[in-house]
Amino acid sequence: MSGKIGSAIKRREDPALITGRGRYTDDLKLPGMLHAAIVRSPHAHARIRGIDIAAAKASPGVHGVFTAEDVNAAGLPGMVPVGWLLPELKTPPHPILASEKVNHVGDAVAVVVADERYQARDAADLVEVDYEPLPASSNPKKTTEGAQQIHDEAPNNIAFDWEIGDRAKTDAAFAAAAHTVEVDLTNNRLIPFAIEPRAVIADYDGDRGAITVHMTTQNPHVHRLLMCLASLGFPEHKVRVVAPEVGGGFGSKIHHYADETIVCLCSIKLGRPVKWTATRTETNLTDAHGRDHVTHAELALDEGGKITGLRVETWANMGAYLSTFAPAVPTYLYGTLLSGQYDIPAIHAHVVGTFTNTCPVDAYRGAGRPEATFVVERLMHLAGEATGLGPAEIRRRNFVRPDAFPYETQVALTYDSGNYEPALDRALELVGYDALVAEQAERRKDRTRPQIGIGFSNFIEACGLAPSAVVGSLGAQAGQWESADVRVHPTGTVTVYTGSSSHGQGHETTFAQIVADKLGLEVDQVEVVHGDTDKVQFGMGTYGSRSAAVGGSAIARSVEKIVEKSKRIAAHLLEASAEDIDFAGGKFTVKGSPESSLGWADVTLQAYLAHNYPDDLEPGLSATTFYDPSNFTYPFGSHICVVEVDPETGNTRLLQYVAVDDVGNVINPMIVEGQVHGGLAQGIGQALWEGTAYDEQAQLLTGSLMDYALPKIHNLPMYTLDRTVTPCPHNPLGVKGVGEAGAIASPPAVVNAVLDALQPWGVRHLDMPLHAEKVWRATQA
Amino acid sequence: MGVPIKVQVNGKTYERTVEPRTLLVHFLREELGLTGTNVGCETSLCGACTVMVDGKTVKSCTQLALQADGSSVTTIEGIADGDRLSAVQEGFWEKHGLQCGYCTPGMIMAATHLLSENPKPSEAEIRAGLKGNLCRCTGYHNIVEAVKYAAAKMA
Amino acid sequence: MYPAKFDYVRAHSIEEALQLLSQHEDAKLLAGGHSLIPMMKLRLAQPTTVIDIGRIDGLRGVRRISGDDGDTLQIGALTTHAELAASAELREHAPVIAEAAAAIGDAQVRHRGTIGGNIAHADPASDLPAALLAAGATVHLQGPSGTRTVPASAFFVDLLTTDLGMDELVTGVEVPVRGEGTGQAYLKFEHPASGYAVVGAAAAVSMRGGECTAASIYLNGVCATPLDGSAVAAKIAGTAADDATINAAVAALTAEDPLADVYASGEYRAHLAKVYAKRALKAARDRA
Ligand SMILES: Cc1cc2nc3c(=O)[nH]c(=O)nc-3n(C[C@H](O)[C@H](O)[C@H](O)COP(=O)(O)OP(=O)(O)OC[C@H]3O[C@@H](n4cnc5c(N)ncnc54)[C@H](O)[C@@H]3O)c2cc1C
Ligand code: FES
Ligand code: FES
C-alpha cells in the first residue's frame, strides 16, 4: 500500500479490531493471574473509624485483603502525585488507599484479591468500613463560602488563586466602552466515558525486584515516571509499563490514579499477577472528570463593534484532590486562550481553583480550551445581538488580520499563523446561510412552530504541547517533547519507535505514511512500535492534539537524519560528493548524471555490510530525535450549527452541522475527518445531553448510562466538513493537530444556535446541558 | 454448584459447567477465551457486548450463560468467512467506521443483524437500528457510511 | 457487573413454574431477564433462586381467537418485544401495542424482553402499560388455585407493583380487535440516557361519520402507574375531534404526584403529558 502524505489510506490497525483479535488490557490472561476488586467509599466526605476485613478474608477464593497499613508495611511511598505546579498551589496528600478520611465517593479504602472476579466482588461486599460522615460540598464557588474544610492545607478549600493579563488596562477599557455585554455561565462537568473502562494487570517478579504493568494508558512512560517518583517508589529500570490496545481515552487515561499502584501492591504481596478492571460505575466515579467551571465574563466594545476589553472571573472545580495535570487546565490551557481568534487589546482573567468532595477534575478532550472558547464565543454571540451587527459581522470586525501574524495576544501566546475569514466564508456558504435566515424569519412569525436557530463558533486552540522550556516555566513537572527512534533494517524496511501512544488515533498508519512518503517506501514496509516502556526509550504520549505535530515531527526529523546519512553512503558508492546526491522516490542519483543511481535497499544494505564504506562514518542506519517544538501550534476553524427547537417540549433537534477547520497540512484526511467527527459528537453531547449532577451530600446522581446521556447515533446528523490549509510554519510537517478541535468548537456553536432559536422569547443565556425542560422553561418565562 | 451447559459458538460445540450467575459475556470471554466481545457498561446500554444468539442480536452482559444453553451463538470472531471479511467488516474498514475499536465488535454484530432484516436501510433506519450501541470515538458519521457501504456491497 | 450467587432452575411448564415458586422462598421468575438481570448485576436484586420460565412451551406468540364479544388477540407472556412489533395481527388489530413495543429500548433489548416481564415488572417508564390500557387489554394470570383475568386498568397498582400475587404467573394478555373506524397511536418522549419513556402516550380514537364515538388516552412515565386520561377522552367523544377540540380537551389532564428525576421535574412531565396526549390523540384520529 503506497501511502503518500495526504492520501486517505485505510488504517493498518483495523484488521485486528474488526475481527475481534484486538487485545485490550482486560483481554490478557497471565498464568496464575488473580482478580482484584477495590472497596470504595460510598460517602463523599467521611472520617474512617475502622476497617474490618475479617469476613472478606474468609470469603471463598480470597487470597488477600489489603488496606493502607499494607502500603506502609510494603514500603511503598503510596502517594498519588500532582504533575503541574502553580505558585502557592496547595498540594494536599493523596494516599492510594485512604486510612483516615475519604474525600469523595469512590475514594479507595481497601482491595480484595480472589481467584476470579465474581468472588472478588463478593468479598469486597464483606469489607466493613466504619464511617463518620462529614458535611460535603460539590460546587466550585460555594465550597469557598463556608463549606466544611476538606484538606488542612487548603483554607476555604482554595487550591490556587491565579491571574493573567492586565487588570488595570482592562478595567480602563470597560470604563470607556460604548457597549458591554456580560454573562454568568457554568461549564458543565463531564464524564470522559471512554467505552473501555480503565484496567490494570500488575505482575511482580520478586527475583528481579521488577514489575510489569499492562494498563489502559495514553502515556506509559509518564505513568511509569509518576509511579516511580511517588506512588510505587521502584526505580524506573525495574518497572515496565505496557499499553495494549486502548479503547479510547479522551484525557482520562493520561492521569495517574491510585488504582495502578494498588494493583501493584496486590501483586507484590501475593507474588502473582493481579488484574483489576473497573466496572462502569467505578470508572465513572473515579476517572478524572472534565470542565466544571463557574464563570462571570464581560466584553467591552467600541461604537463600531470592535472589542476593547475582556474580563473573566472563574471558579474551577479541582475535585477532592489535584489530579496529574489538573492545575494547568483552568490556568495555562484556559486563561491563555481567551483571546480566541480576535484582536483584543486588553484582557484580564482571574481563576480560583477549589477543592470539593467530588471526583478529581483534569484534562478531558480539549482541556481548558473548550472552556475558554465557550466564554469567548458566548460573548461574541451576545455582542452580535447587542451591537446589531449579527454573528458573522461582529466576528469579521474583530478577527486578527492575516497580515498581523505572528500575533501576540494579551494572554501570553504568540499565534504563529492564521487566516480566519476564509474559513467563516466557507462555512456560511456550506450551510446555506441566507436561505436559513429567511426560513428562520418565516418561522418566527408563529411562535408556536418549531423555531430555527443558527449558531456560530470560531475557535482557536493552542495544541501540540509544546516547548519544554515554556511549559516548564509554567509549572509542568515534565518535558513536552516527543521522541522517535527510526531504525532502518539492512534490507531497507523500517521500524519506528515512537513515544506517542495511540488509543484510537491511527498512529500505526499515519506515522508509517510519514516515513513511507519521505523514503519512497510502501506503508507495509514500515512498522510502528509504541506503548511499551521496554521498547521505546522514553516518550510523552498522546494527548493535547500533539501526536502528529510533535510525535510526527520527531519522526520526520529522524528520517531527515537518515536521508542525510544514506546520501553520504550513496555518494561514496557512486563516487560522487554527498552534496551532488539527490534522493527521491527511493532512489539516489547523482545530479546531472541520472544514469548513475542506486536503490534505497542497495544503500541500506551497505550501511550494515560496511564493506565499501566512507571512512568517517559509523555503520548502521538509524536515528533518534527528541523533538522539542519551538511553539504551540494553532489550529482554528469556523463552525456553524443549525437546530430546530420545539417550543412546546423544549426539545432540540440538530439539522445541520458545518465545520470548516484549519489543521494545517494533513497526512491522512480520512483519519483527520474521523477525529473531527468524534470531537463534534463529544461537544454536541456536552451542549445538549451530558452533564453530571450531585446532590446535597455530593453523591453523583448521574453515574450510569441510565442518567448520563452520551450522544447516541439516532440523535446526531451527518456532519458537513471542509478545510482551509494554513500550514504550521515551525514544524517539519506543517501539521497542527486535530484531536480536540471538534470538542472545542462545538459546544458554543450548539448553544448559540439554541439561543438564537429562542431569540423571540428574549432568552440571553442558558447553561449546558440544554435539556428539554430547561429550554421549555425559558419559553414560559 | 456448576450446572452443565452445551452451546454452539461460531459453529463449534462447547460443553462446560458454569456457575449459574455467570453472564454470557463472561462465559465467552473467560471460559472460551473469545475476547473479541467487550464489556463497556454495567447497565446494559452500551452494546459493546452484542453477540447473536440463534440469529438475533442480544447484549451478552444481560443474559445468563445458562439462558443460552442449547443455543447457537455467533460472536465477532465468527463473522468472517475464514480470511474473507464480511461486507460489514469491510465497510467499517473502508469507511473508517472505527477508531479505538472497542465498540466495533458490537457495532458490527448489530449492523449485520440490521442488514439481515433490512438490506436497504435509509440513514434514519441505520441510526434507529444501531441505537443500542454507543461509540465515543467516531461521532457515528462513518459508522453510518460503513453500513451503507456494506448494504451496497451486499445488494 | 457481577451478580450475587443464586440457584438456577428451569421450568418446562406453567405448572412446574408455579410449583417451583411455591417451593423456593425468595425466588424470582426469569423471563427475558431485561429488568431482572440489570438489577442483579448491580446487586440491587439478590434472589436466592432464579426460576427460568423462558422455555415454557405455548407462552409465545400472538393468536387471533373468536369469541362471543368479538374477536380478540391472545398474546403469550413470553412474546418478545420484537415479536410484538413485527406481529402482523397486532399491527393490523391493535397497532398501539406494536408501536409501543417498537419504541422499547433498542433492537437487542427487544429481542430478549417479554411482554409478561415488562408488565410484571411495572416500571412506570415502560412503554407497554399505557398501550395495553388504550387497547383495552386484560391480563391473564395463573396461580396455585387456578387462572384469573384482570383488566389492565386494575393490574397496575403502584410503582413496580401489580395485582400479580407472589405465587402467580402472568400467562398472557388478551386484546380486543380494534373496531372499524378506530385509530390508535403511541408516541414517546425518550429519555436521552436510558431510552425509557419520560412520557409515552397511547391513544385510541373511534370515528364514525365525522364524529368521534369513543376515545381513550393513557400515559406512561408521568406517574407511578399509567396516567388515565378519561377526563380528556370524555371531552372528545361526541365531537368532531378536530384540532381545536383536542387542544382544549387536554387541559383536563391532571397528574397527581408526578414522578421527578434529575432529567425531568414533575411539573415538566405533567406538561409533556398534555403535549403528548394531544399529539397522540391527533395521530390516532388521523388513522381512524
Ligand atoms: C437497556 C434496556 C433498555 C430498556 N428500555 C426499555 C424501554 O424503553 N421501554 C420499556 O418498556 N422497557 C425497556 N426495558 C425493559 C424491557 O422491556 C424488559 O424486557 C421488561 O421490562 C422486562 O421483561 P423481561 O422479559 O426481560 O423480564 P425479566 O427481567 O425476566 O423479569 C422482570 C420481572 O418480572 C417478573 N416476571 C417475568 N415474567 C413474568 C411472568 N410471566 N409472570 C410473572 N412475573 C414475571 C420477574 O420475576 C421479574 O421480577 C429496557 C431494558 C433494558 C435492559
Ligand atoms: S456491556 Fe454495555 S450493554 Fe453489555
Ligand atoms: S471506536 Fe472507540 S468507542 Fe467506537
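Summed over the stretch C:14-31, the residues that are at negative phi and within 13 Å of ligand 1 (Cβ to nearest atom) give a count of 11. Flag set for A:Ala423, criterion: at pLDDT 95 or above and either buried (at least 20 other Cβ atoms within 10 Å of the Cβ) or in contact with a Cys (Cβ under 8 Å, 6 or more places away or on another chain) (or both). Do we find a residue being at positive phi and within 16 Å of ligand 1 (Cβ to nearest atom) anywhere in the stretch B:78-88? Within the stretch B:78-88 (the criterion being at positive phi and within 16 Å of ligand 1 (Cβ to nearest atom)), the answer is no, since none of the residues qualifies.
Which residues, taken from the stretch C:104-124, are of a type in the set (Gly, Ala, Ser) and within 14 Å of chain B (Cβ to nearest Cβ)? Hits for the stretch C:104-124 are C:Gly105, C:Ala107, C:Gly113, C:Gly117.
Of all the residues in the stretch A:497-529, those that are more than 16 Å from ligand 3 (Cβ to nearest atom), buried (at least 24 other Cβ atoms within 10 Å of the Cβ), more than 13 Å from A:Arg12 (Cβ to Cβ) and not hydrophobic (A, V, I, L, M, F, W, C) number 3.
Within the stretch B:35-61, the set of residues being farther than 12 Å from B:Gly106 by Cβ, within 16 Å of ligand 1 (Cβ to nearest atom) and more than 13 Å from chain A (Cβ to nearest Cβ) comprises B:Val53, B:Lys56.
Using the structure shown, decide if B:Glu90 is within 15 Å of ligand 3 (Cβ to nearest atom), modelled with pLDDT of 95 or more and among the acidic types (Asp, Glu). Against the criterion (within 15 Å of ligand 3 (Cβ to nearest atom), modelled with pLDDT of 95 or more and among the acidic types (Asp, Glu)), B:Glu90 does not qualify.
On the stretch given as the stretch A:433-451, residues that are closer than 30 Å to A:Val663 by Cα and in contact with a strand residue (DSSP E or B) (Cβ under 8 Å, 6 or more places away or on another chain) total 3.
Among the residues of the stretch A:587-626, those identified as in a strand (DSSP E or B) and more than 16 Å from A:Thr495 (Cα to Cα) are A:Lys587, A:Phe588, A:Thr589, A:Val590, A:Ser593, A:Pro594, A:Glu595, A:Ser596, A:Ser597, A:Leu598, A:Gly599, A:Phe626.
Of all residues in the stretch A:625-651, which are of a type in the set (A, V, I, L, M, F, W, C) and more than 20 Å from A:Arg378 (Cβ to Cβ)? Scanning the stretch A:625-651 gives A:Phe626, A:Phe632. With the structure loaded, tell me whether A:Ser638 is small (Gly, Ala, Ser), surrounded by fewer than 16 Cβ atoms within 10 Å (Cβ to Cβ) and not in a helix (DSSP H, G or I) or whether it fails that test. Against the criterion (small (Gly, Ala, Ser), surrounded by fewer than 16 Cβ atoms within 10 Å (Cβ to Cβ) and not in a helix (DSSP H, G or I)), A:Ser638 does not qualify.
Of all positions in the stretch C:230-243, none carries a residue that is crowded, with 21+ Cβ neighbours inside 10 Å and assigned to a strand (DSSP E or B). Please state which of the following conditions B:Ala128 fails to meet, knowing it meets all the rest: (1) within 16 Å of ligand 1 (Cβ to nearest atom); (2) surrounded by fewer than 22 Cβ atoms within 10 Å (Cβ to Cβ); (3) touching a residue at least 40 places away in the same chain (Cβ under 8 Å). The single condition B:Ala128 does not satisfy is (3). For the stretch A:704-763, a residue qualifies if it is hydroxyl-bearing (Ser, Thr, Tyr) and within 14 Å of chain C (Cβ to nearest Cβ), and the qualifying residues are A:Ser704, A:Tyr708.
For the condition crowded, with 21+ Cβ neighbours inside 10 Å, more than 25 Å from A:Thr356 (Cβ to Cβ) and within 14 Å of another protein chain (Cβ to nearest Cβ), A:Asp122 qualifies.
Could you list, in sequence order, the residues of the stretch A:392-416 that are over 23 Å from A:Cys463 (Cα atoms) and surrounded by fewer than 22 Cβ atoms within 10 Å (Cβ to Cβ)? The answer is A:Ala392, A:Glu393, A:Arg396, A:Arg397. In the stretch B:29-43, the residues that are farther than 19 Å from B:Lys6 by Cβ and in the same structural domain as B:Thr74 (by TED's automatic domain parsing) reach residues that are more than 16 Å from ligand 3 (Cβ to nearest atom) and of a type in the set (Asp, Glu) with C-beta atoms within less than 6 angstrom, at least six apart or across chains, in these pairs: B:Gly36/B:Glu77. Please tell me if C:Gly200 is farther than 28 Å from B:Gln63 by Cβ and either within 14 Å of ligand 1 (Cβ to nearest atom) or crowded, with 18+ Cβ neighbours inside 10 Å (or both). No: the conditions fail for C:Gly200. Quick check: anything in the stretch B:108-119 within 16 Å of ligand 2 (Cβ to nearest atom), touching a Phe, Trp or Tyr at 6+ places or on another chain (Cβ under 8 Å) and under 19 Å from A:Ile671 (Cα atoms)? No, the conditions are met nowhere in the stretch B:108-119. Within the stretch C:257-288, if we keep just the residues that are in contact with a helix residue (DSSP H, G or I) (Cβ under 9 Å, 6 or more places away or on another chain), over 20 Å from C:Glu190 (Cβ atoms) and surrounded by fewer than 19 Cβ atoms within 10 Å (Cβ to Cβ), the residue that is farthest from the other protein chains (Cβ to nearest Cβ) turns out to be C:Arg287.
Every residue, every condition in (1) touching a residue at least 24 places away in the same chain (Cβ under 8 Å); (2) outside any loop (DSSP other than H, G, I, E, B); (3) surrounded by fewer than 24 Cβ atoms within 10 Å (Cβ to Cβ), yes or no:
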residue: A:Ala177; (1), (2), (3): yes, no, yes
residue: A:Thr180; (1), (2), (3): yes, yes, yes
residue: A:Leu185; (1), (2), (3): yes, yes, yes
residue: A:Ala194; (1), (2), (3): yes, no, no
residue: A:Pro197; (1), (2), (3): yes, no, no
residue: A:Asp203; (1), (2), (3): yes, yes, yes
residue: A:Thr217; (1), (2), (3): yes, no, no
residue: A:His223; (1), (2), (3): yes, yes, no
residue: A:Ala230; (1), (2), (3): yes, yes, yes
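Might you check whether a residue that is part of a strand (DSSP E or B), crowded, with 23+ Cβ neighbours inside 10 Å and touching a Leu at 6+ places or on another chain (Cβ under 7 Å) occurs anywhere in the stretch A:254-261? For the stretch A:254-261, residues part of a strand (DSSP E or B), crowded, with 23+ Cβ neighbours inside 10 Å and touching a Leu at 6+ places or on another chain (Cβ under 7 Å): absent.
Per-residue answers, yes or no, for (1) of a type in the set (A, V, I, L, M, F, W, C); (2) within 14 Å of chain B (Cβ to nearest Cβ):
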position	(1), (2)
C:Ala102	yes, yes
C:Leu128	yes, no
C:Thr138	no, no
C:Thr161	no, no
C:Glu174	no, no
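Kindly indicate whether A:Leu85 is among the aliphatic types (A, V, I, L, M) and modelled with pLDDT under 95. So A:Leu85 passes the test. Listed by position, the strands (runs of 3 or more DSSP E) inside the stretch A:474-537 whose residues that are of a type in the set (Asp, Glu) number at least 1 are A:482-488, A:526-529. Does A:Trp315 satisfy the criteria of being assigned by TED's automatic domain parsing to the domain that holds A:Tyr708, under 26 Å from A:Leu700 (Cα atoms) and in a strand (DSSP E or B)? In short, yes.
Selection within the stretch C:136-165: residues that are within 14 Å of the chain's Cα centre (by Cα), assigned to a strand (DSSP E or B) and of a type in the set (S, T, N, Q). The member of this set that is surrounded by the fewest Cβ atoms within 10 Å (Cβ to Cβ) is C:Thr161.
Of the residues making up the stretch C:1-51, those that are among the acidic types (Asp, Glu) and more than 11 Å from every other protein chain (Cβ to nearest Cβ) are C:Glu15, C:Glu16, C:Glu25, C:Asp26.
The values are calculated or read from the model by the stated rules, or taken from the named source; none is laboratory data. Computed from a predicted structure; not experimentally measured. All Cβ positions, even for glycine, are placed from backbone atoms using ideal geometry, and neighbour counts span all protein chains on display.
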